[in-house]
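Single-structure report; data block below.
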Amino acid sequence: MTTDKATEQASDVHISFDNVVKSYDGSTQVVKDLNLDVNRGEFLTLLGPSGSGKTTCLMMLAGFESITSGTITIDGRAIQDILPHKRGIGMVFQNYALFPHLTVRKNLSFPLEVRGMSASERNSRVMRALELVQLEGLENRKPRNLSGGQQQRVAIARALVFEPEIVLMDEPLGALDRRLREEMQYEIRRIHQQLGVTMVYVTHDQQEAMVLSDRVAVFRDGRIEQIATPETLYEEPSRVFVSSFIGDNNVLYGEVREVQDNDICHVSIGPDRNVQALSVEETKPGEPVWVAIRPERVGIAKTENQYSNQFDAIVNDIVFMGDHLRINVDTCGVRNFIIKIPNLVGHGAVLPGDEIQVGWATLDCRALSMDSEKT
Amino acid sequence: MASTRSQNQEPSRLVPIGLALPLVAFVLVTFVIPLGTMVVQSAYDPQVAQALPKTLDLLRDWNDSALPSSDVFETIASELISSREDRSIGKVATRVNRIKSGSRSVFAKTARRLERVEDTDLKTAMIEIDDRWEDIELWRAIRSAGQKFTARHYLRSVDLEPAQDGGIQQVSEDQRIYNTLYFRTVYVSLAVTVLCFLIGYPIAYAIASVSDSWAKILLVIVLVPFWTSLLVRTTSWLVLLQNQGVVNDVLVWIGLVSDDSRLALVHNMTGTLIAMTHVLLPFMILPLYAVMRSIPPDYMRAAASLGANPIEGFVKVYFPQSLPGVSAGCLLVFILSLGYYITPALVGGTKGQLISNMIAYHIQTSLNWGLAAAISVILLIGVFVCYFIFDRWVGIDKLKLG
């Protein structure tokens, strides 16, 4: 469904980064030759660890950082010469940046006032925006008299009240506690679906990215590692970094022995241990590879040869997580191999120290080539 | 559980109080006691009452329209002689002279000659020695100076004096100086505050906006004058601003001013304003900088993202948030200006003198400490008023000094 939507909009590029480079000191590049298209009405998340260049990209788009080289275009128009206040981009800041000396109403009508709107027009827009974020009745409060979640909603309302076509959000939920964060994620998702604006969202929280985004661009060291829908990133990561940044992953190191025609390869991961895996990129025998397996795709074998990849394991630890059990085992010469077992009746109780067999299907395990990986 | 905790805390709370005790004592000795003495001195003056107790007792029943009886003359004669012996007669003379000028010499002269008089009619003898004893005004002045508690200094410090009829009247026109000086002091203080704000705000903004290493350099530039002697700074303004000084020379050299009409920049109000603004500028810049540094750049960015141009953003977002610094800086500079002394004394000439210079004059030259104290108390009240207005409008807890 999401892929359909993406292809449908593919022709309508709204924001485009072309060979964008950012460097503060002239030698170190914070953003390296970035190419990125954001479609109209899309929710795109820039995801990555801190220092990966995602916020810098957002700031260049908003006009608060200069572009060292390359171009950023909105609707095909280069924006580097447009001053920030003329770009018409709504922005939600990490610490909300609500004006502390103004009431909620004044904060929201600020962008309308500088646009010279009439008082009645301002008032009706402010009310509509407050309704959108469900904060009716708080318009005369000062920001400091609001809870964190309420401030967040005001910040979002203020970025939307002047009806920009593009809204940027820079880690807007970072200051909230977990429960509120999850609530706000669904809130932002709802608002995006309701308004259909183009959103560019920056976060380092992969779960947040999954919940919100049409597409996620995974950043690392100023480059995009992979840009795809959340499903594709999770199921078909093209790089080890992506595979371990999006969700948990077990990674085994090995060497390709044999490649079959159907992209299945045999990887040696130790003496007398071979793994059958799906080869993501073209690999040749003798090449070193990473083999990535999702913890929830690993099962405890009840019979011999139940899985195409099956190995002996020793249970280290079991953590009860509510909806699943997280079992930590030693297997394939790796410590802390993680298995997630759904908390179903009769999941097969194991205890620390138990000798068991674990296994997974060939298609659930991906061999990722090692070039350009530095992990 | 709460009670056990408070019990546990008690000894540890006593330790800091104990450690602070010497400091409390220090503050008491060096601040509270002198201040208290000053307040007392402004309204309590027992010198005359101590020197002439019996005379003053008798004068209490005096009807004040005719000369006192010979009893009074006899009593004051003996008291003048004894006060000449214990050397308190000078103080009496000074105090009576303040009320009725030109009567200083009468006391010492009378006392000296009285020792040789053997006449029993002391009234006649005294009037013979000095005919000012015939003047009822002198006796009124003695009676008035004999009051231990007096509002005279306070009245005087606002150009008033007690009238004959027991009411209050303005002092004669040629003696009215203090009210003018209060107004001038307030006016100069306001002007200096405004000047400091106009110069200091952009500087503080610049320091708060540049990188940390530049900010350090700029702060040192602001502070270096602060660390040099006030006297040196003020006198260097003399060098710069005087008639043949650097500023005038430059102006003449450029041709803005002709050589025979050099500007009078010093020994007048201009000099006072320039030098005081310079001296007090750090007190404006430092609180402003402290507040501005705490304003995150995100606010200006947010304003820009909402469509405000830099000027709108500054006026509507940045400036209101820097207001605690503005008010703190203005309060500091204004209050410091109210009591400023050295700079106006050195570069102010007569037209640039402020009320503090009058306090210094009464302490050092005229030795009328009571009047000096009264003026100081009025100045102190003025400062308190400023403080409470500030607290009411801005809140003293918002004061940030760095």
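Every number in this text was worked out from the coordinates using simple rules, so none of it is lab data. Because the structure is predicted, anything quoted here is derived from the model rather than measured. Cβ: placed from backbone, ideal geometry, glycine included. Neighbour counts: every protein chain shown.
Taking chain B as a Gaussian network of alpha-carbon nodes connected by springs under 10 Å, the highest mean-square fluctuation of the residues B:LEU265, B:LEU67, B:LEU19 belongs to B:LEU19. The dipole here belongs to the range A:77-132: it is taken about the Cα centre, uses +1 on the Cβ of Lys and Arg and -1 on the Cβ of Asp and Glu, and is about 80 debye. Taking the fewest neighbouring Cβ atoms within 10 Å as the starting point, the ordered list for A:CYS365, B:CYS196 is A:CYS365, B:CYS196. Modelled label positions at B:LEU198 and B:SER12, each set 7 Å beyond Cα in the direction of Cβ, lie 5.5 nm from each other.
Counting every Cα pair in the range A:2-241, what percent are over 27 Å apart? Summing the P(r) tail past 27 Å for the range A:2-241 gives 35 percent.
Count Lys and Arg as plus one, Asp and Glu as minus one, and take only other residues whose Cβ is under 12 Å from that of B:ARG98; the net charge is then +4.
Taking amide H as placed 1.01 Å from N in the peptide plane, the amide H of A:ASN316 sits under 5 Å from that of A:ASN328, A:VAL329, A:ASP330, A:GLY353, each at least 5 places away or on another chain. The Rg/Rh ratio for the range A:1-129, using Cα coordinates for both the radius of gyration and the Kirkwood hydrodynamic radius, is 1.03.
Taking every DSSP beta bridge that has both residues in the protein assembly as shown, what percent is antiparallel when rounded to the nearest 5? Write down the numbers at each step before the final one.
Working: 66 of 86 bridges.
Antiparallel bridges: around 75 percent, rounded to the nearest 5.
Seen from B:SER83, the other residues with C-beta closer than 13 Å to its C-beta sum to a net charge of +2, counting Lys and Arg as +1 and Asp and Glu as -1.
Quick one: length gained pulling A:ASN123 to A:ASP18 fully straight, 0.36 nm per residue minus the C-alpha distance?
Values: separation 105, 0.36 × 105 = 37.80 nm, distance 4.01 nm.
Contour length minus the Cα-Cα distance gives 33.8 nm.
Orientation-averaged projection of the protein assembly as shown equals 57.2 nm² [convex hull of Cα atoms, one quarter of hull surface area]. The mean sequence separation of alpha-carbon pairs under 8 Å and at least six residues apart, normalised by the residue count of chain A, gives a relative contact order of 15 percent. Scaling against 2.2 N^0.38 Å puts the C-alpha radius of gyration of chain B at 1.38. Compute the signed sum of charges (Lys and Arg +1, Asp and Glu -1) over the other residues within less than 13 Å, Cβ to Cβ, of A:ARG366. Residues close to A:ARG366 contribute a combined charge of -2. Note on the range B:179-398: Cα Rg divided by 2.2 N^0.38 Å, N the number of residues, gives 1.18. Measuring nothing but how far apart in sequence close Cα pairs (under 8 Å, 6+ apart) lie, relative to its length, chain B scores a relative contact order of 18 percent.
How much length is gained on full extension from A:SER147 to A:THR73, taking 0.36 nm per residue of separation minus their Cα-Cα distance? Length gained between A:SER147 and A:THR73: 22.9 nm. Cβ crowding within 10 Å ranks B:GLU128, A:GLU355 as A:GLU355, B:GLU128, fewest other Cβ atoms first. Comparing A:MET210, A:MET117, A:MET184 in a Gaussian network model of chain A where C-alpha atoms under 10 Å apart are linked, the largest mean-square fluctuation is found at A:MET117. Close amide H partners of A:VAL92, meaning residues 5 or more places away or on another chain with modelled amide H under 5 Å apart, are A:LEU168, A:MET169, A:ASP170.
What share of Cα pairs, in percent, lie more than 17 angstrom apart in the range B:170-257? Write out the running numbers ahead of the final one.
On the way: 2794 of 3828 pairs.
Looking at the range B:170-257, the distances longer than 17 Å represent 73 percent of pairs.
Selection among B:THR234, B:ALA51, B:VAL394 by position relative to the dipole of chain B gives B:VAL394 as farthest towards the positive end (Cβ unit charges, Cα centre).
From Cα pairs below 8 angstrom and at least 6 apart in sequence, can you work out the relative contact order of the range B:179-398, rounded to a whole percent? Display every interim value, and only then the final one.
Details: 242 pairs, mean separation 59.7, N = 220.
Once divided by the residue count of the range B:179-398, the mean separation gives 27 percent.
Across the range A:86-162, Cα-Cα distances exceeding 21 Å account for 16% of all pairs. Of B:TRP393, A:TRP360, the sequence from fewest to most neighbouring Cβ atoms within 10 angstrom is B:TRP393, A:TRP360. In this simple spin-label model, placing a label point 7 Å from the Cα along the Cα-to-Cβ direction at both B:ILE389 and B:ALA163 gives a separation of 3.1 nm. Taking amide H positions as modeled 1.01 Å from N, with prolines and chain starts lacking one, no residue 5 or more places away or on another chain lies under 5 Å from A:PHE99.
Taking B:SER65, B:SER103, B:SER144 as the candidate residues, the one with maximal mean-square fluctuation in a Gaussian network model of chain B, Cα springs under 10 Å, is B:SER65. With the Kirkwood sum run over all distinct C-alpha pairs, the range B:264-368 has a hydrodynamic radius of 16.2 Å.
Once you have the alpha carbon radius of gyration of the range B:47-146, what is it after dividing by 2.2 N^0.38 Å, with N set to its residue count? Provide the component values of the computation, followed by the final result.
Values: Rg = 11.9 Å, N = 100, 2.2 N^0.38 = 12.7 Å.
Compared with the compact-globule rule of thumb, the range B:47-146 sits at 0.94.
Per residue of B:292-304, other chain Cβ atoms within 10 Å of the residue Cβ number 5 on average. Here the Kirkwood formula, the inverse mean of 1/r across different C-alpha pairs, assigns the range A:276-375 a hydrodynamic radius of 14.6 Å. Given +1 at the Cβ of Lys and Arg, -1 at the Cβ of Asp and Glu and no other charges, the dipole of the range A:1-155 around its Cα centre is 780 debye to the nearest 20. Of the beta bridges in the range A:2-241, as assigned by DSSP with both residues counted there, near 50 percent are antiparallel.
Placing pseudo-labels 7 Å out from each Cα toward the beta carbon at B:SER65 and B:ALA20 gives an inter-label distance of 6.3 nm.
Return the calculated 222 nm mean residue ellipticity for chain B, to the nearest 500 deg cm²/dmol, obtained by summing -39500 (n - 2.57) across DSSP H runs with n ≥ 4 and dividing by the residue count. All intermediate terms of the calculation are to be shown ahead of the outcome.
Details: 21 runs with 278 residues, N = 402.
Helices in chain B give a 222 nm mean residue ellipticity of -22000 deg cm²/dmol.
Determine, from the Cβ-Cβ distance of A:GLN306 and A:GLN194 and an R0 of 45 Å, the FRET efficiency 1/(1 + (r/R0)^6), rounded to the nearest 0.05.
Numbers: r = 48 Å, r/R0 = 1.06.
With a Förster radius of 45 Å, E is 0.40.
Given the C-alpha centroids of the range B:93-151 and the range A:234-294, what is the distance between them in whole angstrom? Using only Cα atoms, the two centres lie 118 Å from each other.
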